[in-house]
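Enquirer: Please read through the structure below; I'll follow up with questions.
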Amino acid sequence: MTDANLYITPGGAAHVYTYSINSSGATWDGITYWTSTGSTFNSGTKAYLNTKYTGGYDVNKVRGVAAHEMGHALGLDHVSGCHLMNGFTTSRCGIYRPTADEINGINNKY
């Protein structure tokens, strides 16, 4: 497995903001909001970790939720099976970092 290649470039930037909140009425442990114009992301992507759930998780499970939301911020969608980008934390098979397929997806997008 190789690392994803991400580069910071000068000029226009799409910012990713991360937040930790306690939303007792929410049914999610993490969520990301972003907008796009065609295939271009606008600035202001926001990723949230909900401590209502993550407060009871072990460190690797929290890392998995955070990495999953960063995957969304970078443009990855949900998949099924034992992958970081599985939409259900309990169905990720303990995976807390990108799989080779997800790294390839990011490298292909960028």
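The values are calculated or read from the model by the stated rules, or taken from the named source; none is laboratory data. What you see is a predicted model; the values in this text were computed from it and never measured. In this analysis, Cβ positions are derived from the backbone assuming ideal geometry, glycine residues included, and neighbour counts consider all displayed protein chains.
Enquirer: Restricting the search to the range 55-72, which residues are farther than 15 Å from Trp28 by Cβ and touching a strand residue (DSSP E or B) at 6+ places or on another chain (Cβ under 8 Å)?
Expert: Selection gives Met70 alone.
Enquirer: Picking from Tyr7, Tyr57, which residue would you name as being among the aromatic types (Phe, Trp, Tyr), at pLDDT 95 or above and either surrounded by 12 or more Cβ atoms within 10 Å (Cβ to Cβ) or part of a loop (DSSP other than H, G, I, E, B) (or both)? Even if it seems obvious, please write down each step before you answer.
Expert: Working: Tyr7 fails: at pLDDT 95 or above.
Tyr57 is the lone residue from the list that is among the aromatic types (Phe, Trp, Tyr), at pLDDT 95 or above and either surrounded by 12 or more Cβ atoms within 10 Å (Cβ to Cβ) or part of a loop (DSSP other than H, G, I, E, B) (or both).
Enquirer: Let me ask you something else. Just checking, does the range 64-86 include any residue being of a type in the set (Gly, Ala, Ser), over 15 Å from Ala47 (Cβ atoms) and crowded, with 18+ Cβ neighbours inside 10 Å?
Expert: No, because not a single residue in the range 64-86 is of a type in the set (Gly, Ala, Ser), over 15 Å from Ala47 (Cβ atoms) and crowded, with 18+ Cβ neighbours inside 10 Å.
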